[in-house]
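Report on the following structure.
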Amino acid sequence: MSIKAEGLTYIYQAGTAMESYAVRDISFETKDGEFIGLIGHTGSGKSTLIQQLNGLIKPTSGKIYYNGEDIHSEGYDMKRLRQRVGLVFQYPEYQLFETDVLTDVKFGPKNMGMSDIEAEEAAKRALKLVGIGEDFYKRSPFELSGGQKRRAAIAGVLAMDPEVLILDEPAAGLDPLGKTEILETIARLHRERNNTIIMVSHSMEDVAEYADRIMVLDDGKLVYFDSPKEVFRHYEELEKMGLSAPQITYLMGDLKKRGLQVDDSVGTVAEACREILRLWKEKEEKSAE
Amino acid sequence: MKIIDAVHVFFDYMRKDENDKIEEISPALSDMNLEIEKGSFVCVLGHNGSGKSTFAKMVNGLLLPREGSVYVADMDTADDELLIKIRETAGMVFQNPDNQIIGNIVEEDVAFGPENIGVPTAEIRDRVDEALEAVNMTKYKDRSPGKLSGGQKQRVAIAGVMAMKPECIILDEPTAMLDPKGRKDVIRTVRELNKRDGITIVLITHYMEEAVDADRVVVMDGGRVVMDGTPREIFSRVEELKALRLDVPQITELAYELRKAGMPVPCGILRKEELEEVIMELLFEGDKGSCDSTDTDGTEPDLGTDGTEPDLGTDRPEQDLDTDREDKSEGACQ
Ligand SMILES: Nc1ncnc2c1ncn2[C@@H]1O[C@H](COP(=O)(O)OP(=O)(O)OP(=O)(O)O)[C@@H](O)[C@H]1O
Ligand SMILES: Nc1ncnc2c1ncn2[C@@H]1O[C@H](COP(=O)(O)OP(=O)(O)OP(=O)(O)O)[C@@H](O)[C@H]1O
Ligand SMILES: [Mg+2]
Ligand SMILES: [Mg+2]
């Protein structure tokens, strides 16, 4: 289940006066069962990059290997690839098209050759995972609120049970609890089934919390691909690219500058809480003496 | 003066079959009441499906109440003849920018709104330039809007409304697809429009951090307003918010967790700087004169292991941790 990219370059309207580079000479390889966070400024090429990974758009130059096979080699089964490498679009509207929610989510599994009954079961399981109840099954996908649409779109891909799950801002538009639920669901699938996840996000807090490694794009180039701690150490460079470190990291950085012995590379509330409480306990013990 | 006034508003979405027979009714607003002062900056929070976008569409006259009324600058949205005037007064940035983009090139798209309300051509130029500059999209002005990234489209949609210079702007999750800098820029821009030009801002968002700078935070649930107050008041009610599927800013969350674990951190902390001061005072500065121990007098704080909230409001250390913090809403903390 590894994806390998070699020298990927994507130019929109190549060869015309309007040509624009969206992805520039990107190479990387994912590890089996890895949770990757993909961040980058608006227009940095994230959506363009991931659409190439499941063969939806073809790179202008460069190669993509899935489990060692070149996906653009002759006779490669592209349909199968799209089932194994599931992609959830940035705007759920691009993905929802059937007359009702259940039929929509069933589409993928049916297309894979499941019987109607099997497909329906898969769809119901997926809808349950994303928190869409039975009362929504017969609704048109266009009669849902923004966050409900996103859940339905995610369910459509989960129902195919892909090996690799690529999500383009899956949490955008979800309420805070909905966001946690969806991200926890994805993280659980990742743990239990060893799925490889690539998650595009504009929330530094979310990638700090969930990703094993973070990929950073800047103007179409891959600038970092490393652990959250390492990546957020470069917060000054990240800021120049329109990104930032998680808010908690800034607090810890300031505390450290002011003389507290805290780890300033932490990025989550839980970690920061532990760090500060450790000092608090030490101090309590000292003053109790 | 009120610029928006929703009075006992009810609204249901209806699904009809081919023969126009009603198949399903889904209530979206039920007895919604909300008054918004002219010139204020109001943030609207609420879980998915709580009715935020439906309310926004009411203000714009896109949807009409089944019962009750919505007034925009005293104009009833149910009055057809006032509709144009209402849309001039209250501009709207929709949740999905694709629903809003009309022009073939970015510039035309932004000019569409002001043209439609009859702004003189010469002035349109200036307004378009200014709006594109404010959202940092000048360099894309000749592009086709369809060929922009998600976040770029969102910026164009925001510029389109800014160029109309309405008295009030309703933004429905304008920052959902923006990078951290873009988010900051949009929030800064709307704050400027609010402070400098007195434009009323109604910001719908799922980013709790964005509500910190608002004058007022309104929380919706089940198609009505269930909480209403200053950011500090609202974000002191952590458990209540969580029960509504919402959250508090991360800094507030950290302060809350520290407090739960026994540190005497005041509630309703909103900003990094505030928390920083409190922590420094508790952990560091108190240490300097370790002989005059101003901290705990031997009474171990309840660590809350039994899940109950330690009541720290009473056994606070003597020193005043928060001298100039307004509306601490002491005791309202939960
Ligand atoms: N169909 C298109 N035609 C021409 N240029 C395009 C097209 N789609 C995207 N672009 C351009 O390619 C660049 C990369 O876009 P892409 O959508 O990959 O960015 P992104 O990182 O996903 O951004 P966002 O965070 O805003 O979604 C942008 O500068 C964008 O304007
Ligand atoms: N076009 C529609 N047809 C039928 N029901 C709808 C339609 N649009 C919204 N609803 C329903 O009305 C309720 C309120 O929806 P609304 O879009 O106002 O929610 P919201 O608070 O904006 O949610 P979100 O945070 O997900 O954008 C939801 O239960 C939703 O399913
Ligand atoms: Mg994108
Ligand atoms: Mg909405």
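The values are calculated or read from the model by the stated rules, or taken from the named source; none is laboratory data. Source: prediction; values computed, not measured. Positions of Cβ are generated from backbone atoms using ideal geometry, with glycine treated the same way; all protein chains shown enter the neighbour counts. The protein model used for the area step is the full one, side chains on, heavy atoms only, and it has no ligands, DNA or RNA in it. Shrake-Rupley method; radii C 1.70, N 1.55, O 1.52, S 1.80 Å.
Numbers at a glance
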| quantity | calculated |
| --- | --- |
| Flag for A:I186 being open to solvent by less than 30 Å² (accessible area, probe 1.4 Å) and within 12 Å of chain B (Cβ to nearest Cβ) | no |
| Condition broken by A:A17, with the remaining ones in (1) more than 9 Å from ligand 1 (Cβ to nearest atom); (2) open to solvent by less than 60 Å² (accessible area, probe 1.4 Å); (3) within 12 Å of chain B (Cβ to nearest Cβ) satisfied | (2) |
| Per-region count, the stretch A:254-280, residues surrounded by 17 or more Cβ atoms within 10 Å (Cβ to Cβ), out of contact with any Lys or Arg (no Cβ under 6 Å at 6 or more places or on another chain) and more than 8 Å from chain B (Cβ to nearest Cβ) | 5 |
| So A:K221, is it touching a strand residue (DSSP E or B) at 6+ places or on another chain (Cβ under 9 Å), open to solvent by 70 Å² or more (accessible area, probe 1.4 Å) and either modelled with pLDDT of 90 or more or at the interface with another protein chain (Cβ under 10 Å from one of its Cβ atoms) (or both) | yes |
| Qualifying residue in the stretch A:255-271 (condition: in contact with a His (Cβ under 9 Å, 6 or more places away or on another chain) and within 28 Å of B:G150 (Cβ to Cβ)) | no |
| Verdict on A:L127 being more than 16 Å from ligand 1 (Cβ to nearest atom), within 19 Å of A:L87 (Cα to Cα) and not small (G, A, S) | yes |
| Residue satisfying condition, being in contact with a Pro (Cβ under 9 Å, 6 or more places away or on another chain) and away from ligand 1 (no atom under 16 Å from the Cβ), within set B:A73, B:A56, B:A28, B:A6 | B:A6 |
| Residue list for the stretch B:87-132, filter: among the hydrophobic types (A, V, I, L, M, F, W, C), more than 19 Å from B:L193 (Cα to Cα) and either within 14 Å of another protein chain (Cβ to nearest Cβ) or touching an Asp or Glu at 6+ places or on another chain (Cβ under 9 Å) (or both) | B:I101, B:I102, B:I105, B:V106, B:I117 |
| Sole exception among (1) free of Cβ contacts under 8 Å to residues at least 12 places away in the same chain; (2) within 11 Å of B:V42 (Cβ to Cβ) for B:A214, by number | (1) |
| Failed condition for B:L45, given (1) more than 16 Å from ligand 4 (Cβ to nearest atom); (2) touching a His at 6+ places or on another chain (Cβ under 9 Å); (3) closer than 20 Å to B:V219 by Cβ | (1) |
| Residues within the stretch A:24-46 that are buried (at least 22 other Cβ atoms within 10 Å of the Cβ) and within 13 Å of ligand 1 (Cβ to nearest atom), tallied | 10 |
| Test: residue in the stretch A:126-135 that is in contact with a Phe, Trp or Tyr (Cβ under 8 Å, 6 or more places away or on another chain) and crowded, with 22+ Cβ neighbours inside 10 Å | yes |
| Residue ID - nearest to B:A255 (Cα to Cα), chosen from residues in the stretch A:227-253 that are crowded, with 22+ Cβ neighbours inside 10 Å and more than 7 Å from chain B (Cβ to nearest Cβ) | A:M252 |
| Residue within the stretch B:119-130 that is open to solvent by less than 10 Å² (accessible area, probe 1.4 Å) and either of a type outside the set (K, R) or assigned by TED's automatic domain parsing to the domain that holds B:L246 (or both) present | yes |
| Members of the stretch A:64-103 found to be buried (at least 18 other Cβ atoms within 10 Å of the Cβ) and part of a loop (DSSP other than H, G, I, E, B), listed by number | A:I71, A:F89, A:Q90, A:Y91, A:Q95, A:L96 |
| Failed criterion for A:F107 (all others in (1) touching a Lys or Arg at 6+ places or on another chain (Cβ under 6 Å); (2) open to solvent by 10 Å² or more (accessible area, probe 1.4 Å); (3) among the hydrophobic types (A, V, I, L, M, F, W, C) hold) | (1) |
| Lone qualifier among B:T175, B:T230 - being buried (at least 22 other Cβ atoms within 10 Å of the Cβ) and either modelled with pLDDT of 95 or more or of a type in the set (S, T, Y) (or both) | B:T175 |
| Spans of strands (runs of 3 or more DSSP E) in the stretch B:1-92 with at least 2 residues without any contact (Cβ under 8 Å) to a residue 60 or more places away in the chain and under 25 Å from A:K138 (Cβ atoms) | B:2-16, B:22-37 |
| Within the stretch B:116-225, helices (runs of 4 or more DSSP H) holding 1 or more residues that are within 16 Å of ligand 3 (Cβ to nearest atom) and over 17 Å from the mean Cα position of the chain (by Cα) | B:150-162, B:180-197 |
| Qualifying positions in the stretch B:179-219 - under 22 Å from B:E253 (Cβ atoms) and either more than 16 Å from ligand 2 (Cβ to nearest atom) or open to solvent by 20 Å² or more (accessible area, probe 1.4 Å) (or both) | B:P180, B:R183, B:K184, B:I187, B:H206, B:Y207, B:E209, B:V212, B:D213, B:A214, B:R216 |
